[in-house]
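The structure under discussion appears below in the form of C-alpha cells.
All of the numbers you see were taken from the coordinates with simple rules; none came from a lab. Keep in mind it's a predicted model, so treat the numbers as computed, not measured. Note that we place each Cβ from the backbone using ideal geometry, even for glycine, and neighbour counts take in every protein chain shown.
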C-alpha cells in the first residue's frame, strides 16, 4: 500500500465517514483518522453538486488518504451506513438538520461538529442562531462531547454534539473554579483570541491575505458572539445553583492560521482566596487528564498548535488597594484540534470505548 | 543632495539630536525627523564603545539620513548642544540618569523616551524598577508628554517624559470615562496585546524568529507589569478623587512587528448608563484632536501601524441577567509611533509651539 | 484643518485625481499625495455603481485624506479636469481604454498604472493580454515611466505608462549590464518573489489568509507570465542590437503583504569578466540616482518596504570547473511603491519638472 | 499511562537515543519517535554542563514524551548502548566526531544528522568546512541516507549520514533528469528558499523576530554555500560520466518557520526535448516512492510542512527565440522532516528493515 503507513490495522477498526470534508475540520479529521491505529476514514460525503476529489481540495492529503475514498461521494445515508460505523458531520450550522435524522435512522453513530445540537434548549438555539431548531426529536439524545467534564455520557452515545472551539477552552479553564465555588459566577470576563481557521474556509474580503497579515482586532457584535450562550450553558451545568451564568465574551482575530488563547478575568468569592486553592481545584479535576496540561507559565498557542492538548494556568493578582484580588486564568488550544476535529476523535474513542487518547498523541 | 527630499527647509528648523539611536525608537525618530518639514536630525550620539554608522545598523536609512550625520558620535553634551536644540533620549531605563542632567545644563531641551522621568514619585519609581531614582533634582520639572491629556504643560517645557506605549493607549481610552465619572475606578481591566518591537531590539531566545512566529501568549509577571503604575498615575491625575487607581493590566505578545491593541473592561457607576453617554464623553474630549480617531468598529492595529493615530471605540454590553452592564473600550496605536517616537515628535512640536501634527500626517 | 499636516502648501500645488482609488495602488497614491509638499489629491473617481467613501474602504485613511474629497465621485472627465491637473488611473487592465482618451481630451495629464499603455506594439499587447489594444491612437504618445532609464521623455509628457512591479526591478538590475555589454542577452533568468498585494485586492480562495499564511510557491503559467514581454521590451530598448530579448521569468508568491525580490542569473560574454567591471557598470548608471541604493550585501525586502527605493547588488560566482562563471544580481523594491504608486509619483514629479524625489523620501 | 497513546507497542520496538536533543532536529525526532508504532525514544543525551529537562526546552513535548526519559542525561556511550539500539546525533557540525566512534564501538547503530559524514572525500570536507575531517576511520562506512536514490545500502547499515535539507530537495528533483541524460550537467542553477528553522535554534540579531518578520533575502556567501558540494557529490554519483558536477546554488531565507522550496533552472541536452520525456524520467524513478508526490501544479511549502513528503513538478519552457528551451523543476520539502528528522526516521526504518514509511504518514 503506497498510501498507507506501516502499521498493521488491529482486528478492530472503527470505520468513519466524514460528511462535508472540504472545510478545515474535514481536513484535520482525515489527517487524524488516517494515522489513527484503530480507525480509518472509509467514506467522504460532500453536498456539493460537483463532487470533488479531496486531494484537489487539499493537496496536502495526497499520499495520505486512501485513493479509493479520495473522490467524494454524495450524502446517501444508506451507503454511508454500509461503509461506516460513525459519521462525522462537518457541515455549516443548520445543514446538519438535513442529514442527522437519516444518518441516525440508518444506524450510524453521529458526531456533529456544527453548533446544531450543542444548545439543549431549542428556544435558546433560536434566539442565538435566528432560526428554529430543525430536529427537536433527536436533540434530547445529543451528548455534549467535552470528555473532561462530561465523560460518563459518552460510551455508547448515539449522537454527540462536538463543542465549539471557544467554549472548549473557556469551560475547561473555568469549570474547576466554579466546581470548587472559588469565583463569583456573575463576574466572568473571557478575552479570547483565535487563529483565522476559526472563521472557516470561505474567502472573504477582510480575511484576504494582505488585509489580515499583521492585523489584530476584536470582531463580531461586541458582547453578542454566538458562543457565549454555549459557554454559559456549560458553566451552568457545572454550578447549577448559579444558573444561568452569562460570561462576558469578547473574541479577537489573530494574524495566524491556528490556535486560541483565552485570558479569563474573575473575582474571588472570598477575598482571602489563595493561589494554592486555585491550583488545587485544577489538580483535583485534571491531574489525571491526559489531554490537559497544567502550566506554571502562561500558555502559548505555539505549544498547543498541532496537538489535542489544552494548556491551562492560573494566577491570583493580589488586591492593590481596591478591596479585591483578581483571578486570571489562561487556556490555550488548537482551535482545529481540541477545538474541533481532535476533540471529535477523542469523543469517537470514548463512544467506542477505546483509550481516549488513541491517535491523538 | 542625493539623500534629501525635494522640500526646501523653512527658515525655522528645529535641530534634533538622537541619543541612543540604534534601537527601534531611534530608527523611527530618524525616519520621522528626516521628513519633518520644520526639523532635521543633526547629531546621532551613541554610548557604544565602537561608534557605528547608523546605515549599517539600519540599512533602511541609507539614502534617507544625511550622510554627514550617519556616523554616530560620542555622547558629548557640549557638542550635542552646539549641534542641536533638542535631544531625544532613546536609552535603556536607568541610563538616562547619566546624561539628562548634563544635557539640560548644556542648554538643550530633552525628550526622554525611557521610563526614568515618567513616575513623579521617586519611591514608586524605586518600587517599580528596583533601584533608586537617579535624578530627583530634575524629576519635578519633567512634563508627562501625553498632549491630548496634558497639553498645556508642553509649550516651552525643558524636560519631557515621553509616555510608555501601553500607558498611552490605556490612558487615552479610559480618561474620558473617568473625567465624566461614568465608570467605577476600582474595577478596570486592561487586556493588552503588543507587537514584538515593544520588547526591544536585543535578540533573545524566546523572540528568535522560529520560536515566536505564529505564537501568542501573555508574558511577564502576571499582574505585575511595570507599566501598570504609570497607567495608574495618569488615571489618578484625571480623577483625583478616586486616587490611587490600580487597574489590572495583562500584556500579551502578538506575532507581529508593530501595533498595540488594548481591550478594556469596565463597570458603569450607574446601571442605567447609555451608549450615548459613553460616546459623548469621547467626543467631548477628542472631537478636535487630530491624532485621535473615534471608530464605530473595533479598531484594528493594521489601520494604525505606520501612523501616529490612536483609534478608539467604545461599547456598552447590556446586563444579561447578572445585574450590571459592562463597558468595553478598545484602543489601537502603533507602539513605535504614538507609543514612542511619533508621540515624542508630537511633543517636540508642542514644545516648540508649531502645529502638533507637523511631520506626522 | 484637523485632517491636514502642519505644512503650508507652497504656491505651486499639483492637483491630482485618482481614478479607481479602491485598490492598493489607490491607497498608496492617496497616502503619498496627502503628504506631498507640492501636490494634493483633489478628486477620487470610482467606476462603481455605488460610490464609496474612501475612508470606509481604507479606514487607515481617516484623518489623512481631506474629508471634502473622501466621498468618491463618478468618472466624469470634465469634472476631473476642472478639479485636477493630472489623473492617475488605477483601474484593472483594459478598463483604462474606456477613460484615457476622454481624460486626455479634457486636458489632463494621465499617468496610467495599468498595463494598457506599457507595450508599444499593439500586436504584442494582444498576444499577451488576449484582446486587442483599445486605444492605438494615443499609444504612440505613451512614455514608459521608468525615470532611471528613460528620464528624458518625462518632462511635459501627456501620457505616462507606469511600469509593472516585476519589470521595474528586473530592468533596473539588468540594464547596466546590457548597456556595458557584459552579459549574454540570450541567457537571462529572473527568479522573482512578490508580496501578495501584487495580486490585487480581490479576495480569492488561494489567498484566503489561512491558505496563504506560511505558504510559498511559484504561480501562474510557468514561463508565461504577462510581465515577461514588458521586461523583454525594456531590455531590448537598452541593447537594441540584441533585440528581441526574451528573459526567462518565474514569479513566486511570498507570505507577506509587500515587497519584491528578484534574483537574476546571467552568463558573462567574456569569461574573464571581473566583479569590478560589474560594479562599474552599476555605478556608471546609478551613482547619482537618489532612488537606487547599491548594496554590498544581498538586499532584503524588509529594507525597501515602505520606501520608493530600489536596492541592487551584484555578484560574480567564479567558474567551478564548468567553463563559465555566472553573474548573480539582486533587486528589491516595494511592489506598491517603486513598483507602482511611488514610481507614479516620481513620474508626476518628473512630468511637472520638480525634484523627482519630492514627497518620496 | 498518562503520557502515552492508546497504542500497544508491538513486540518489536526499536529503542532510540537522541544525542543533542535541544535543537529543532531533536524536537522533531522526539515527536516522530513518540508516535512511531515500532520505535520509542529511550534516552536523551545532552552535552550541556547543566542537563536540562526536555520539557523545559520544548514545552510542546509535555504529555508527549515519557516523563522517565525527559530529564536529559550525559552522553555516556555505554549507558546509551544499554538503553538503545540506535543513536540519532543532532549535534553541531564537528561535534559528531567526538562521539560517533565511541557510540559505534559500544555497538549502536548511528544516524548522524550533522554534515560530518556526508562528504566522502576528507579533502573536500576540509575545503568546505575549514577544518580537517575528524574520523576518517569510520567515514568509509557511512551510508548517505537518501533512500529514494541510495536505498540498497541502508538495510543493516552501521552508520548513516543523514543528508542536508537543501541537498535532499535538489537531488530528488535533478537525479531523474541526469539519470535519463536529459539535461546539461554543467548548467544547473538551484534557487532555494528556506524557513528559518534551517538556521538553527540559536538566537541571532538578524533573526530576532522584528528583524525577520516580513523579510526575504539571499544569505551567506553568494555562490559559496556549504551545501553546494554535497549536492554536487550526489549528482555526480547519479551521472558519474559528468563528474564533477558543480551546480550554482543560491539560498534565501523566508519569513516562515519551516519549509524549503527549490526552483531549479536547467538546459536540455537536446533542443527537441519534450515535456513528456521529463515526466517519464520522474515517473520511472518515483512512481512507486511513497514519500515523493509528483505534482501537476508548482508545489507549495504549505502542502509539505508537517509531512515527510517531497513534492516535485517539472516544466518545459519553450524556446522564445533564443535558440534553446529551458527546463524548470520545483521541489518542496519540510526542512525539519524530509530535510532532517523525518528522513532520519525513514533511514532508521530502512536500517531495521521495516516499512520505510512507518510512523511517517
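Projected label points at residue B:141 and residue D:221, each 7 Å from Cα along the beta carbon direction, are separated by 5.6 nanometres. A crude spin-label estimate for the pair residue C:102 and residue A:179, with each label 7 Å from Cα along the Cβ direction, gives 7.1 nm. On the rotation that sends chain B to chain A, the chain B Cβ lying closest to the axis gives residue and distance in whole Å as B:191, 2. Note on chain B: Cα-Cα pairs beyond 36 Å make up 20% of the total pair count. Over segment C:18-120, the hull volume per residue, using the convex hull of the C-alpha atoms, is 99 Å³.
Convex hull volume of the C-alpha atoms in segment D:255-310, normalised per residue: 99 Å³. Size of segment A:202-274: Rg and Dmax of its alpha carbons, in Å, are 16.5, 50.
Neighbour counts of other Cβ atoms within 10 Å put B:239, A:76 in the fewest-to-most order A:76, B:239. Taking every DSSP bridge with both residues inside chain D, close to 45 percent are antiparallel. With its label point defined 7 Å out from Cα along the Cα-to-Cβ axis, residue A:127 lies at 4.5, 7.0, 7.9 nm from the matching points of the other copies, in increasing order.
Taking only the Cα atoms of the protein assembly as shown, the radius of gyration and Dmax are 32.3, 90 Å.
Distance between the 7 Å Cα→Cβ label points at residue C:206 and residue C:153: 3.3 nm. Can you tell me the FRET efficiency between residue A:126 and residue C:76 if r is taken as the Cβ-Cβ distance and R0 is 41 Å, rounded to the nearest 0.05? E(calc), rounded to 0.05, equals 0.25. Secondary structure note: in the protein assembly as shown, about 45% of the DSSP beta bridges are antiparallel. For segment C:26-78, the gyration tensor built on C-alpha atoms gives an oblate shape. Its axis ratio a/c (a ≥ b ≥ c) is at least 1.5, and a/b is not larger than b/c.
By the helix-only formula, in which each DSSP H run with n ≥ 4 contributes -39500 (n - 2.57) and the sum is divided by residues, chain C has a 222 nm mean residue ellipticity of -7500 deg cm²/dmol.
For segment B:121-195, a/c is not less than 1.5, where a ≥ b ≥ c are the root eigenvalues of the C-alpha gyration tensor, and a/b does not top b/c. That puts it in the oblate class. Find how many whole Å separate the alpha carbon centroid of segment D:186-224 from the alpha carbon centroid of segment A:254-320. Distance between centres, Cα-based: 37 Å.
By other beta-carbon atoms within 10 Å, ranking A:277, D:31 with the fewest at the front produces A:277, D:31. Mean per-residue shielding of peptide A:181-189 is 2, counting Cβ atoms of other chains within 10 Å of each Cβ. Tilt of helix C:165-179 relative to the longest C-alpha principal axis of chain C, in degrees (0 to 90, nearest 10)? Helix C:165-179 sits at roughly 40 degrees to that axis. Rg over Rh for segment A:288-339 works out to 1.13, both radii taken from alpha-carbon positions and Rh defined as the Kirkwood radius.
Each copy carries residue B:73; placing its label point 7 Å along the C-beta direction from Cα gives inter-copy distances of 5.2, 6.4, 8.2 nm, listed from smallest up. Quick check: the angle from helix B:275-286's long axis to the longest principal axis of chain B, C-alpha only, nearest 10 degrees? So the inclination is approximately 20 degrees. Label-point distances for residue D:321 to the equivalent site in the other copies, using a point 7 angstrom along Cα→C-beta, read 3.9, 7.5, 7.9 nm when ranked shortest first. Which whole-number percent is the relative contact order of chain A (Cα, under 8 Å, 6+ apart)? Across chain A, relative contact order equals 17 percent.
For segment D:208-361, the alpha carbon convex hull comes to 162 Å³ per residue, rounded to a whole number.
Ordered by the number of other Cβ atoms lying within 10 Å of each residue's own Cβ, fewest first, D:307, B:136 fall into the sequence B:136, D:307. Compute the acute angle (0 to 90°) between the alpha-carbon long axis of helix C:227-238 and the principal axis of greatest extent of the alpha-carbon atoms of chain C; round to the nearest 10°. Tilt relative to chain C: about 70 degrees.
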